[in-house]
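The structure under discussion appears below in the form of structure tokens.
The values are calculated or read from the model by the stated rules, or taken from the named source; none is laboratory data. These figures come from a predicted structure and were not determined experimentally. A quick note on method: Cβ atoms are made from the backbone with ideal geometry, for glycine too, and the neighbour counts reach across all protein chains shown. To get the accessible areas, we keep the full protein, side chains included, count just its heavy atoms, and leave off ligands, DNA and RNA. Shrake-Rupley method; radii C 1.70, N 1.55, O 1.52, S 1.80 Å.
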Amino acid sequence: MRFIMRAIIGFFRLFYQSVFLSLSQIWANKTRSILTTIGIVIGVASVTAVIAALSGLKAKILTQVETLGSNTIFIQPKRPDTGPLQHAPWWSIRFLPEQFDGMLEHCPSVKRFGRQTWAGSQTVSFREKSVENVSIRGIEPDCHKIESRPVMLGRPLSVIDEMQVRQVCLIDPKLRNDLRLDRDCIGQPILIGHNTFYIIGVLEPRPESLFGGGDQERSEIFIPFKTSFKLQRYLYIGVLAESKSAEVSEDARAEISFFLRRTRNIKPGEPDNFEVMSLQNLLDMFNKMALIVTMVASGIVGISLLVGGVGIMNIMLVTVSERTREIGLRKAVGAKKSAILTQFLIESVVLCFVGGLVGIGFGQLLTTGIANIPKVELDMAYIPLWAIGISFGFSGAVGIFFGMFPAIKAARLDPIEALRHE
Amino acid sequence: MIAAEADKPTIKPQGDKSVIKLKDITRIYKVGVERIHALDGISLELKENEYVAVMGASGSGKSTLMNVLGCLDRATSGYYGLDGQDTTKLSDAALARVRNERIGFVFQSFELLSQLTAIKNVEMPLIYSRNGWRSRRKRAQSVLERVGLSDRIKHKPNQLSGGEKQRVAIARALVCGPSILLADEPTGNLDSKTSESIMELFDKLHQEGQTIIIVTHEEFVAHHAERIIHMKDGRIFSDMPSNRKKANETEMYHEEQGRAS
């Protein structure tokens, strides 16, 4: 017991001395230390920046999921990975509106669904003012309930608008401003292309979206689903659905797939030519992607740490040979092998820690840089605490691993030979 | 215990306690198939507070003897007792402890660490010592006073003259309160005037009770000692009291005579 206590106390003395000594060594050889630790700095900076970006993206997606609701299911055409349809033109695998008729009766886990069309971009005008490149979406009334875009003025699209194929529209506040419409613009006629539509409501601005979004700068107009076919004869259709609860969302996906295979006449054995994705799916996909990115990044970081580590080993070997006489002297005045080993090991670990610290600093700079790039959804990027821990852990490990060989070399030196060294 | 010894350096130990006892020490180096007898059966006894100079031409084995005495090297065969303890069977770690606590080295080229101040250099052996840690600053200071450098404590080696550097090195050798002070050509890098002052310091330490062994090839250095051992071909060629010792003894004899009368 006493022996162990002594050993521990002895280690701490040595630790204390060695840390100060190695810091002064690093300071004395500034240029060398900077060049040596650059590998570690780059490694740690890049790993923290990548982790920060991914963490930010994930935080973003999670907030998105909260606003969209995790019960949402997206359905869209997709080329199968195999089979003859692999290179089929998009047009041939498009959804037809009637393929979804009766879906609610056949899919008990689906609460509601809404078809929507993308009627392309049109020039919208009101009196002399016109705005180009406004995206036009035809939606069924249920889409409102699935995708929460509250109407802040007027009313949402109704079943009657749909049935009567009315030329009515919902606009967003940005378009209202751009067209110089009154604040209360309900009932005003605007021209979409060459067709007159009457405004029935104003939607709240779109929340920043990662999926199916398009960019923030473009305005959107929502018109009834059927009316959109008046603007253009043939349109691509996508479907939003909502499962009855998050628990049955997988069931809902299966039911929809089964239903669509029948309505789209896919024979048994043929692959699906559409995809049914829940938000959960998207999250899973993101996590998978994040994992791949993390792995690729860690590979690169691993290589840079390896290179950095070799640099550390090299410089420690130089240090050991430069300070051979010092090692001899220390041994002559009573330093044990273990003491010399500890001293040089601590020196290389301190060197790596300094590199890690600088690396985290650079990582933080990079993260701030990434977060401030406009139009890239990374403004929530942050370095999580565990990433800092991992960075330090890795730099320490590199220090120990690559410092071990030089330290052993130093510890094994014969004091007489060492003192004779020139 | 060691600290106590260091704190009371002026008490001159009495009696004939043996510090070093060598019996048939050999040290054989193997170079290829050849066997070089660097030490070839050395027997020697050193009493407490002896002041010995080891002389000899290069290759006579005096450096090897020094390394063996300093526990830096192990004898190939024979018995080496230090303070009555057999050192030949000690482990490396135990030998390191012996070097730390009982042996003080002074080198020809000082071997100070250039990035440390004088006092930090002197403190250095106490880092490796079991019970020197807490009082290290105080002990280093008192030992620097002993070698006459109390005003140079914060200076780095490059701000010190050669003689001052050697004084720091001597202070470092003394800080752990060693049984023997081993000096290898301590004046080899110094001019004659500085050498003389360093030798006076050794004389003073001897007077304070320190056992000292100096390896040298300079006659005037050797004549400061009380006993001169000449080595040749790994053996002791001659071992006799120096003129100084004789002079001292005559002096003491005369003093006693004077007191008696």
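A few notes on this one:
- Taking every protein chain into account, the accessible area of chain A amounts to 51 square angstrom per residue (probe 1.4 Å).
- Rounded to whole Å, sorted largest first: equivalent-ellipsoid semi-axes of the protein assembly as shown, Cα gyration tensor: 93, 25, 19
- Excluding ligands, DNA and RNA and using a 1.4 Å probe, chains B and A jointly bury around 2300 Å² of accessible surface, summed across both partners.
- Peptides B:92-102, B:66-76 ordered by average Cβ neighbours within 10 Å, highest first: B:66-76, B:92-102
- Relative to the Cα centre, the charge distribution of the range A:88-185, modelled as +1 at Lys and Arg Cβ and -1 at Asp and Glu Cβ, gives a dipole magnitude of about 300 debye.
- Cα-based convex hull volume of the range A:72-278 per residue, rounded to whole Å³: 128 Å³
- Accessible solvent surface per residue of the range B:110-261, calculated while the other protein chains remain in place, 1.4 angstrom probe, Å²: 46 Å²
- Derived scalar couplings ³J(HN,Hα) [the range A:55-65; Karplus, 6.51 cos²θ - 1.76 cosθ + 1.60; whole Hz; x for Gly, Pro]: 4, x, 4, 5, 4, 4, 4, 5, 5, 4, 4
- Förster radius 25 Å - calculated FRET efficiency between A:L365 and B:Q115 (Cβ-Cβ, nearest 0.05): 0.15
- Share of alpha-carbon pairs per 10 Å distance bin for the range B:129-199, given as whole %: 19, 49, 28, 4
- Label-to-label distance, nm, for residues given as A:S130 and B:I36 (7 Å Cα→Cβ offset): 10.3 nm
- 3J(HN,Hα) couplings calculated from phi for the range A:143-149 with the Karplus curve 6.51 cos²θ - 1.76 cosθ + 1.60 (θ = phi - 60°) are, in sequence order, 4, 4, 6, 7, 9, 6, 10 Hz; Gly and Pro show x.
- Sulfur and carbon atoms: percent of accessible area, the range A:72-278 [1.4 Å]: 51 percent
- Test item: Cα-centred dipole of the protein assembly as shown, Lys/Arg +1 and Asp/Glu -1 on Cβ, debye: 320 debye
- Remark on A:K78: its backbone amide H falls under 5 Å from those of A:F274, A:E275, a criterion applied only to residues 5 or more positions apart or on other chains, H modelled at 1.01 Å from N.
- Beta bridges per DSSP with both ends in the protein assembly as shown, % antiparallel, nearest 5: 70 percent
- Spread over its residues, the convex hull of the C-alpha atoms of chain B is 147 Å³ per residue.
- Members of B:K47/B:K138; A:K58/A:K111; B:K30/B:K62; B:K47/B:K120 lying beyond 22 Å, as alpha-carbon distances in this model show: B:K47/B:K138; A:K58/A:K111; B:K47/B:K120
- Proximal charge balance of A:R94 [Cβ under 15 Å; K/R count +1, D/E count -1]: +2
- Taking the protein heavy atoms of chain B in the context of the full set of protein chains, the accessible area attributed to carbon and sulfur is 49 percent at 1.4 Å.
- DSSP assigns beta bridges within chain B; of those with both partners inside it, close to 55 percent run antiparallel.
- Centroid-to-centroid separation of the range B:119-138 and the range B:141-164 [C-alpha atoms, Å]: 16 Å
- Taking amide hydrogens as placed 1.01 Å from N in the peptide plane, the amide H of B:I25 sits under 5 Å from those of B:G41, B:I42, B:S43, B:Y79, each at least 5 positions away in sequence or on another chain.
- Charge context of B:T117, other residues only, Cβ under 11 angstrom, K/R +1, D/E -1: +3
- Vicinal HN-Hα couplings computed from phi for the range A:325-331 (Karplus, 6.51 cos²θ - 1.76 cosθ + 1.60; Hz; Gly/Pro x): 5, 4, 4, x, 4, 4, 5
- Average other protein chain Cβ within 10 Å of Cβ, residues B:120-133: 4
- Approximate spin-label separation B:Y29-A:L291, in nm, with each point projected 7 Å along Cα-to-Cβ: 6.4 nm
- Approximate spin-label separation A:W91-A:I300, in nm, with each point projected 7 Å along Cα-to-Cβ: 4.1 nm
- Cα-derived Rg to Rh of the range B:68-132, Kirkwood definition: 1.03
- Sorting A:28-39, A:140-151, A:47-58, A:106-117 by their mean Cβ neighbour count within 10 Å, with the most densely packed peptide first, gives A:47-58, A:106-117, A:140-151, A:28-39.
- Legend: residues in the range A:306-326 shielded by at least 20 square angstrom of accessible surface upon adding the remaining protein chains to the isolated chain (1.4 Å probe, heavy atoms) are A:R325, A:E326.
- Centroid-to-centroid separation of the range A:79-144 and the range A:343-361 [C-alpha atoms, Å]: 57 Å
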